[in-house]
Amino acid sequence: MIISLLAACGSGKTGKKSVNIIVGDSIIAGWATLPDEWQNYGVTGDRSQDVINRLGDVILAQPTTIIIAIGVNDIAVDTVLNRFDSPLFTNYPIILERLLKETSAKIYIWSVLPTSDLKAADFIIKANVKLREFADIYDVIYVDTYSAFPSVASKPYFIDGTHPTPYGYTILNTFLPTITP
């Protein structure tokens, strides 16, 4: 399944308070304007293996919705090592399989955002194609956040070529699924 900016979907009322988690790296950790109904599980420097290592905390929270927004740090390492067989591609199925097995959460995969590192551009495009494939294989929702930004990260969207400005986060806010408490 694919979701776009205009097609955000919501969860129904269940009588139980929703626990909505967004898991990611410093891009997520730095999200000061993340709405209160979302718990921020962003950790600076995290790569996909780090997310695997802390999935227990996510699962214990018994989330109703999970957004996975990880990949830019894996890609940064892959670009330096000039490899296209990223651990991101082997770790994502592990993340999805565990979340699908151990939660009943609605799961969203967010695309990797562009950066100003032109060498990483091809890696990011390849990663986003693969993430979309994972969404189809595991029957979760792929959200194309990448297309809402210029293909090379720049102001006014990004502070440093990777991390969004407040304006960039305003755009990301529009991709959050509508949550009904």
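Look through SER111, SER18 and report the one residue that is of a type in the set (S, T, N, Q) and touching a Lys or Arg at 6+ places or on another chain (Cβ under 9 Å).
Matching residue, one of SER111, SER18: SER111.
VAL152 is checked against (1) among the aliphatic types (A, V, I, L, M); (2) surrounded by fewer than 22 Cβ atoms within 10 Å (Cβ to Cβ); (3) not in a loop (DSSP other than H, G, I, E, B) and fails just one. What number does that condition carry?
Failed condition: (3).
Give the residues of the range 112-134 that are buried (at least 23 other Cβ atoms within 10 Å of the Cβ), not β-branched (Val, Ile, Thr) and not in a helix (DSSP H, G or I), sorted by residue number.
Within the range 112-134, LEU113, PRO114 meet the criteria.
Given the condition touching a Leu at 6+ places or on another chain (Cβ under 8 Å) and in a strand (DSSP E or B), answer yes or no: does some residue in the range 69-87 qualify?
Within the range 69-87, not a single residue is touching a Leu at 6+ places or on another chain (Cβ under 8 Å) and in a strand (DSSP E or B).
Counting only residues that are surrounded by fewer than 16 Cβ atoms within 10 Å (Cβ to Cβ) and either on the phi > 0 side of the Ramachandran plot or in a loop (DSSP other than H, G, I, E, B) (or both), how many does the range 155-166 have?
Qualifying residue count, the range 155-166: 6.
Conditions (1) within 21 Å of PHE134 (Cα to Cα); (2) of a type in the set (A, V, I, L, M, F, W, C); (3) more than 12 Å from the chain's Cα centre (by Cα), marked per residue:
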{"residue": "ASP36", "(1), (2), (3)": "no, no, yes"}
{"residue": "GLN39", "(1), (2), (3)": "no, no, yes"}
{"residue": "VAL43", "(1), (2), (3)": "no, yes, yes"}
{"residue": "ARG54", "(1), (2), (3)": "yes, no, yes"}
{"residue": "THR65", "(1), (2), (3)": "yes, no, yes"}
{"residue": "ALA76", "(1), (2), (3)": "yes, yes, yes"}
{"residue": "LEU88", "(1), (2), (3)": "yes, yes, yes"}
{"residue": "PRO93", "(1), (2), (3)": "yes, no, yes"}
{"residue": "GLU102", "(1), (2), (3)": "yes, no, yes"}
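Answer yes or no as to whether LYS106 is closer than 20 Å to LEU172 by Cα and charged (D, E, K, R).
Criteria met by LYS106.
Search the range 120-143 for residues that are within 13 Å of LEU96 (Cα to Cα) and pair each with any residue that is of a type in the set (A, V, I, L, M, F, W, C) and in a helix (DSSP H, G or I) when their beta-carbon atoms are under 6 Å apart and the residues are at least 6 apart or on different chains.
Filtered contacts from the range 120-143: TYR138/LEU96; TYR142/ALA135.
Of TYR142, TYR169, which residue is touching a helix residue (DSSP H, G or I) at 6+ places or on another chain (Cβ under 8 Å), at pLDDT 95 or above and either assigned to a helix (DSSP H, G or I) or closer than 28 Å to THR33 by Cα (or both)?
TYR142
Scan the range 30-65 for residues that are in contact with a Phe, Trp or Tyr (Cβ under 9 Å, 6 or more places away or on another chain), assigned to a helix (DSSP H, G or I) and surrounded by fewer than 18 Cβ atoms within 10 Å (Cβ to Cβ) and jot them down.
Within the range 30-65, just ASP57 meets the criteria.
Find all pairs meeting these conditions: Cβ atoms under 6 angstrom apart; at least six residues apart or on different chains; first residue within the range 32-59 and free of Cβ contacts under 8 Å to residues at least 12 places away in the same chain; second residue surrounded by fewer than 19 Cβ atoms within 10 Å (Cβ to Cβ).
none
Which condition from (1) modelled with pLDDT of 95 or more; (2) among the aliphatic types (A, V, I, L, M); (3) out of contact with any strand residue (DSSP E or B) (no Cβ under 8 Å at 6 or more places or on another chain) is the one that ALA120 breaks?
Tallying (1) modelled with pLDDT of 95 or more; (2) among the aliphatic types (A, V, I, L, M); (3) out of contact with any strand residue (DSSP E or B) (no Cβ under 8 Å at 6 or more places or on another chain), ALA120 fails exactly one: (1).
The values are calculated or read from the model by the stated rules, or taken from the named source; none is laboratory data. As the structure is a computational prediction, the values presented were derived from the model and not from experiment. Counting neighbours? That spans all protein chains shown, and the Cβs are built from the backbone with ideal geometry, glycine included.
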